[in-house]
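S.K.: Okay, handing you the structure first.
The values are calculated or read from the model by the stated rules, or taken from the named source; none is laboratory data. From a predicted model like this one, the values you see are computed outputs, not experimental measurements. So basically every Cβ, Gly included, is an ideal-geometry build from the backbone, and we count neighbours across all protein chains shown. These area figures cover heavy atoms from the full protein model, side chains too; ligands, DNA and RNA do not enter into them. Shrake-Rupley method; radii C 1.70, N 1.55, O 1.52, S 1.80 Å.
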Amino acid sequence: MEIKEQIVNLRAELSQHNYNYYVLSQPTISDFEFDAKLRQLQELETAHPEYFDPSSPTQRVGNDLTQGFTQVEHKYPMLSLGNTYSEADITDFYNRVSKGLDGEEFEIVCELKYDGTSISLTYQNGVLQRAVTRGDGQKGDDVTANVKTIRCIPLKLQGNYPEELEMRGEILMPWKVFEALNVERETQGEPLFANPRNAASGTLKMQNSSQVAKRKLDSYLYYMLGEDLPAESHYECLEAAKGYGFKISDAIRKCKTLKEIFDFIKYWDTERKNLPVATDGIVLKVNSFAQQKKLGYTAKSPRWAIAYKFQAERALTRLIAVTYQVGRTGVITPVANLEPVQLSGTVVKRATLHNADIIESLDLHVDDMVYVEKGGEIIPKITGVDINRRSLFAEKVQFITKCPECGAKLQRLEGEAAHYCPNEDGCPPQIMGKIEHFVSRKAMNIDGLGPEIIDSLYSHGLLKSIADLYLLKVQDIATLEGLGEKSAKKILQGIRSSVEVPFERVLFAIGIRYVGETVAKKLALTLKNIDAIASASIQELTAIDEIGESIAGSVYHYFREQKHIELIQKLKDFGLKMETDSSKMENSSDVLGGKTFVVSGVFAHFSRDGIKETIELNGGKISSSISSKTDFVVAGENMGPAKKQKAEELGVKIIDEDTFIGMLQK
Ligand code: IVH
């Protein structure tokens, strides 16, 4: 068989298996066989780049190119739906529709309302061209590269599809993936996602599509648009879409009467809890397109559709007390301690109260009977008080004035809702937070030291500051609960090898307020070592490009405290890098000073990180997306067409790799 034919056949076969597995949930081969075939295709494609096809199943693994998202205008605006909360509201909607249609017969299609982030997919001649987020409804971000990694979204359609077609739907993160992701983020010391919706939309906006591929997003499509649709009504179009290979929910019903609609709602109000993805209501749509047209639109939403939101489950229980948690950055969060109550299948004992203003607006008193709700969030919240059941002697909840962990007097900054504990270096949760930051991936990248271990080492008196990490012994860690010698050795190995971490990351890791990754790099490159940074005056600091008054003030004051000088000395003694690598210095200059670059594509002489580092070492700035502030786009092989167009539109200069190297040599 000819190579080309072999490639084409493998692509078709693998697409079919993708469809069987991710759309129908009925795989017909093992994962092992699938992977073997995919590898075979990958090898053939690498050997024969002339047969490249952006719709090949191999393209679903994503790539490591950093993408900026281009804004794209929607062909049809993406509207939202009016919300309703009761049977009475639905009856009103039904009667409004009936009246608007002058008493004609009509059908209402009932569907689940999926709680993710909406997407618009454009197909031309059956090939996925573009995936765009809702954005402001008029224009959204082009996230095609990321959406291509979602296995249930067809890259090519099957059957007798129209030449041009837009499908809309919801991108979702299944509960299981969401929970596992949060466990991983917790161990990495990264902030958790509040719900699968935020996680899905955060994932769609990631810069690196191969990371998106790992997040295992799912999707349901629920709306077809175009000039040449296969049917005259919504339900029938969705049926056709199923035939093109789209994943369409089976939880759809055509209803004629209000009773049928209420039955659907009642059934799914409980049954939805068994679904693998989050739903937050039911969408009702008039089926016939002609009738939809007759009913028309308001400024914000169609008159032919409405969303019914499920009641967040609510329970009534007694507030026992309010306690306060101190976060890593010193923020105080009030927590309601409750008489245990059953809610959506779990026992709730605590709920967040967010801040002092919320307590005030609820006029909360100790012993109050309070309503607790679990919305889409993991942590339940208090949404109301039953005042009729308040005792005459109940005491109003007073927000604390001193830190519950260290006793320092709390502060509240002008215009901010939160109270802070200012005792950064003496308040236990803040100290532990600093250590968590120090070991995190972008800082010293020490593996295996999750918050629980840090907490345990801290409470055993083995870890009082970041410097103590370098004094830990195998026995210290191994004797802690649940950790054996093997993991202890691995952690120590990680701590030991962290002395190789470059100076700019050490500077970021020590956690000087306002010194993030970029500022740390800038300081390390300009002033070259810690002593120069420590002795720099505010004027010298602000003279550095991009360093303003507040960063300079923070750096200056940090090094005026004896305890910080001592900490740095200790870290120096342990061998941590306190000066910028001289080989880097040799390659550094200011020839690109003041210029902003966007990098796109693959290069012959640099890796992606390499070219960015070179730009920064030579005084240039990196930006992830093209704007009017961009001076140059350095274009390698395979530069995205959207980026090219954007650069041309804005008149930004596009240069190739050789021209870039030429600039460095000037
Ligand atoms: S139809 C004009 N159907 O809910 C009608 N939307 O406020 C367009 N959603 O932005 C939407 N499930 O993100 C429709 N089965 C469903 C849906 C659904 C979830 C989301 C969608 C939309 C929002 C409506």
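S.K.: Using only the Cα atoms of the chain, each taken as one equal point scatterer with no solvent, compute I(q) by the Debye sum, divide by I(0), and report log10 of the ratio at q = 0.06, 0.07, 0.08 Å⁻¹.
M.R.: Log-scaled intensity ratios, in q order: -0.46, -0.63, -0.82.
S.K.: Given +1 on the Cβ of Lys and Arg, -1 on the Cβ of Asp and Glu, and no further charges, what dipole in debye does segment 119-188 carry about its Cα centre, rounded to the nearest 20?
M.R.: Details: 9 positive and 10 negative charges, 33 e Å.
The dipole magnitude comes to about 160 debye.
S.K.: Would you work out which of G330, V366, T270 lies farthest towards the positive end of the dipole of segment 270-386? Charges go on Cβ: Lys and Arg +1, Asp and Glu -1.
M.R.: Working it through, the farthest residue towards the positive pole turns out to be T270.
S.K.: In Å², and per residue, what accessible area does segment 424-483 have when probed at 1.4 Å with the other protein chains present? List each step's numbers first, then the result.
M.R.: Numbers: 2760 Å² over 60 residues.
Ligands and nucleic acids excluded, the result is 46 Å² per residue.
S.K.: Cross-link partners among aspartates and glutamates for K254, C-alpha distance below 14 Å, same-chain residues fewer than 8 apart left out?
M.R.: E105, E107, E111, E236, E239, D263
S.K.: Moving on. Answer with one residue from V591, F606, L567: the one whose Cα lies farthest towards the positive end of the charge dipole of segment 544-618, charges on Cβ with Lys, Arg +1 and Asp, Glu -1.
M.R.: Result: L567.
S.K.: Helix-only estimate, please: 222 nm mean residue ellipticity of the chain, summing -39500 (n - 2.57) across DSSP H runs of length 4 or more and dividing by its residues, to the nearest 500.
M.R.: Numbers: 25 runs with 246 residues, N = 666.
About -11000 deg cm²/dmol.
S.K.: State to the nearest 20 debye the size of the charge dipole of the chain about its Cα centre, where the only charges are +1 on K and R beta carbons and -1 on D and E beta carbons. If you can, show how the numbers build up before the last one.
M.R.: Values: 81 positive and 93 negative charges, 148 e Å.
The calculated dipole for the chain is roughly 720 debye.
S.K.: Given a Förster distance of 35 angstrom, what is the FRET efficiency for E164 paired with I379, based on the Cβ-Cβ distance and rounded to 0.05? Can you show the working numbers first?
M.R.: Details: r = 45 Å, r/R0 = 1.28.
Efficiency at R0 = 35 Å is approximately 0.20.
S.K.: Taking the alpha-carbon distance from K176 and a cut-off under 16 Å, which aspartates and glutamates remain once sequence neighbours fewer than 8 residues away in the same chain are dropped?
M.R.: Here the aspartates and glutamates satisfying the reach criterion relative to K176 are D115, E184, E186, D218, E377.
S.K.: Now for a separate question. So for the pair R560, S25, with labels modelled 7 Å out along Cα→Cβ, what separation do we get in nm?
M.R.: Calculated label separation equals 6.4 nm.
S.K.: Give me the one-decimal nm value for the distance between modelled label points at K402 and E416, 7 Å along each residue's Cα-to-Cβ direction.
M.R.: Roughly 2.2 nm, to one decimal.
S.K.: Heavy-atom accessible area per residue, segment 112-171, 1.4 Å probe: how many Å²?
M.R.: Details: 2020 Å² over 60 residues.
Roughly 34 Å² per residue, with all protein chains present.
S.K.: Using the Kirkwood radius over Cα pairs, work out the Stokes-Einstein diffusion coefficient for segment 215-357 at 10 °C and 1.306 mPa s, in µm²/s as a whole number. Mind showing how you got there, number by number?
M.R.: Working: Rh = 19.4 Å.
For the chosen part, D equals 82 µm²/s.
S.K.: Under the 0.36 nm per residue contour assumption, what length would be gained going from the current alpha-carbon distance of K254 and E5 to full extension?
M.R.: On the way: separation 249, 0.36 × 249 = 89.64 nm, distance 4.41 nm.
Length gained between K254 and E5: 85.2 nm.
S.K.: What dipole magnitude, in Debye to the nearest 20, does segment 517-653 give about its Cα centre under +1 on Lys/Arg Cβ and -1 on Asp/Glu Cβ? Walk me through the numbers on the way to the answer.
M.R.: Details: 18 positive and 20 negative charges, 64 e Å.
The dipole magnitude comes to about 300 debye.
S.K.: Please report how far the C-alpha centroid of segment 250-267 lies from that of segment 604-653, rounded to the nearest whole angstrom.
M.R.: Each part reduced to its Cα centre gives a spacing of 53 Å.
S.K.: Under a straight-distance cross-link criterion of Cα-Cα below 20 Å, which lysines are reachable from K563, leaving out those fewer than 8 residues away in the same chain?
M.R.: Filter leaves K434, K464, K572, K577.
S.K.: Extending each Cα 7 Å along its Cβ direction at E184 and S487, get the distance between those two points in nm, one decimal.
M.R.: The two pseudo-label positions are separated by 1.9 nm.
S.K.: When the chain is fully extended, how far beyond the present Cα-Cα distance does V366 get from A47, taking 0.36 nm per residue of separation? Please list the in-between numbers first.
M.R.: Values: separation 319, 0.36 × 319 = 114.84 nm, distance 7.18 nm.
Result for the pair: 107.7 nm of gain on full extension.
S.K.: Follow-up question, since we're still on this one. Please express the Cα-Cα pair-distance distribution P(r) of segment 532-621 as a list of whole percents, one per 10 Å bin, running from 0 to the bin with the greatest distance.
M.R.: 14, 31, 34, 18, 3
S.K.: Okay, moving on. Could you tell me which of rounded, prolate or oblate describes segment 140-294, using a ≥ b ≥ c as the square roots of the eigenvalues of the alpha-carbon gyration tensor, with rounded for a/c under 1.5 and, failing that, prolate when a/b is larger than b/c and oblate otherwise? Could you put the intermediate results ahead of the total?
M.R.: Values: a/c = 2.59, a/b = 1.40, b/c = 1.85.
Oblate, since a/c reaches 1.5 and b/c is not below a/b.
S.K.: Give me the number: length gained by fully extending D531 to S456, i.e. 0.36 nm times residue separation minus the C-alpha to C-alpha distance, one decimal in nm. Please list the in-between numbers first.
M.R.: Details: separation 75, 0.36 × 75 = 27.00 nm, distance 3.38 nm.
Taking D531 through S456 to full extension adds about 23.6 nm, to one decimal.
S.K.: Which number comes out as Rg/Rh for segment 254-318 once both Rg and the Kirkwood Rh are worked out on C-alpha atoms? Working shown, then result.
M.R.: Values: Rg = 15.2 Å, Rh = 14.1 Å.
Using Cα coordinates only, the ratio equals 1.08.
S.K.: Separate question: Which one of P380, S623, L449 has its Cα pushed farthest toward the positive end of the charge dipole of the chain, where Lys and Arg give +1 and Asp and Glu give -1 at the Cβ?
M.R.: P380
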